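To start, the structure itself, in structure tokens.
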Amino acid sequence: MLLQPRLLPRVLSISSKPRFSPFSTHASQITIPLPSPPILSPLTPDSDLDPSTQNPITLPLQKLFVPPETQLPGDATSASAHTRVLTGSNIVLGPYAFDSQVVNAEFVKSSVRTADCPSDGLPEFALVGRSNVGKSSLLNSLVRRKKLALTSKKPGKTQCINHFRINDKWYLVDLPGYGYAAAPHESRLNWEEFTKDYFLKRETLVSVFLLIDASIPAKKIDLDYASWLGQNQIPMTIIFTKCDKRKKKKNGGRRPEENAETFQSLISEFFESTPPWIMTSTVTNMGRDEILLHMSQLRNYWLKH
Ligand code: GDP
């Protein structure tokens, strides 16, 4: 079967044997500094950060996300020296990671149907997550504007697909938060339907960024959401939020990276290979530049094919 080039990232993100990766022949590991020494990220951790998050993590090679057209050293033992893995993530940097900075951002429109979304063909990334996961904070941090995401919180727009144009070149899309107990049943069903319709039909959607609160144990609604995306082969990046939060007794004493790991293992059966993930905090700025670099390489590849 011939792959449609525009759909390639979608296929790659769930394929069990990444076509561009030699990983399937290796059963080795790579150590990822967290977050020092930085491979590409200049960010230094806040001193308030849980020291445990500063230990290097070791990932089996097959758990890395390798973007298209990215070669890894054939010799697995040298992978950690030469492979550029984004700090606090499982994402390998490839040749398409450039032009990542946000220079300007503007709200464009709110749509209630996929058919009403902008039709200029620019690539887009959708942010979605449970209410209170930190979606507005992340959106503001990505565009370095304190209140841009307030637009999406205005009455009448919380249940809409909100498009923000970045550098006149691509879109960040804010989707309605799910799992908000106070939302009327009818409106809940309605947005579920239209966000699913958007995921399935929006041709310019490069990847969904699913936000998961790493300061608490996995919630069923998040697991359901992630597994639906996996089963429907929608490309997805997991953004673990609030990774600055220290463990608390009421959370079962688990650290953010432990919650993140559990979440991944619980959804693994719905994905043929590990989706890309990034640990973030809008308090310390952890993960901000990494998200933008990851978006740039997905976007630039998408644009070229
Ligand atoms: P939204 O409902 O998903 O848009 O969530 P908000 O961005 O409004 O954030 C919900 C709450 O979580 C607010 O009290 C934020 O200050 C807090 N919050 C968001 N991001 C972080 C984070 O990275 N770390 C911490 N500690 N709190 C956060």
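The values are calculated or read from the model by the stated rules, or taken from the named source; none is laboratory data. Since this is a predicted model, take the numbers as computed values, not measurements. Every residue, glycine among them, receives a Cβ derived from its backbone with ideal geometry; neighbour counts consider all protein chains shown. Each accessible area value is taken on the protein alone, full model and side chains, heavy atoms only, with ligands, DNA and RNA left out. Shrake-Rupley method; radii C 1.70, N 1.55, O 1.52, S 1.80 Å.
If Ser273 satisfies every condition in (1) of a type in the set (Gly, Ala, Ser); (2) closer than 21 Å to Phe199 by Cβ; (3) in contact with a strand residue (DSSP E or B) (Cβ under 7 Å, 6 or more places away or on another chain) but one, which is the exception?
It fails just one condition, (3).
If you scan the range 132-164, which residues turn out to be hydroxyl-bearing (Ser, Thr, Tyr) and either away from the ligand (no atom under 13 Å from the Cβ) or open to solvent by less than 40 Å² (accessible area, probe 1.4 Å) (or both)?
Ser136, Ser141, Thr151, Ser152
How many residues does the range 251-270 hold that are within 16 Å of the ligand (Cβ to nearest atom) and either at pLDDT 90 or above or under 16 Å from the mean Cα position of the chain (by Cα) (or both)? Steps first, answer last, please.
First, pick out the residues of the range 251-270 that are within 16 Å of the ligand (Cβ to nearest atom): 251, 254-257, 259-260.
From what's left, either at pLDDT 90 or above or under 16 Å from the mean Cα position of the chain (by Cα) (or both): 255-257, 259-260.
Within the range 251-270, residues that are within 16 Å of the ligand (Cβ to nearest atom) and either at pLDDT 90 or above or under 16 Å from the mean Cα position of the chain (by Cα) (or both) number 5.
Cβ-Cβ distance below 8 Å, separation of 6 or more or different chains: which pairs start in the range 271-286 with a residue that is in a strand (DSSP E or B) and end on one that is modelled with pLDDT under 95 and near the ligand (Cβ under 9 Å from one of its atoms)?
none
Could you grab me the full set of residues in the range 271-287 that are within 17 Å of Val208 (Cα to Cα), within 15 Å of the ligand (Cβ to nearest atom) and open to solvent by 10 Å² or more (accessible area, probe 1.4 Å)?
Answer for the range 271-287, where residues must be within 17 Å of Val208 (Cα to Cα), within 15 Å of the ligand (Cβ to nearest atom) and open to solvent by 10 Å² or more (accessible area, probe 1.4 Å): just Met279.
Kindly indicate the residue of the range 112-131 that is open to solvent by 10 Å² or more (accessible area, probe 1.4 Å), outside any helix (DSSP H, G or I) and under 30 Å from Ala218 (Cβ atoms) and also nearest to the ligand (Cβ to nearest atom) among those meeting that condition.
Ser131
Could you tell me whether any residue of the range 228-250 is out of contact with any Ser or Thr (no Cβ under 9 Å at 6 or more places or on another chain), more than 16 Å from the ligand (Cβ to nearest atom) and of a type in the set (A, V, I, L, M)?
Within the range 228-250, one or more residues are out of contact with any Ser or Thr (no Cβ under 9 Å at 6 or more places or on another chain), more than 16 Å from the ligand (Cβ to nearest atom) and of a type in the set (A, V, I, L, M).
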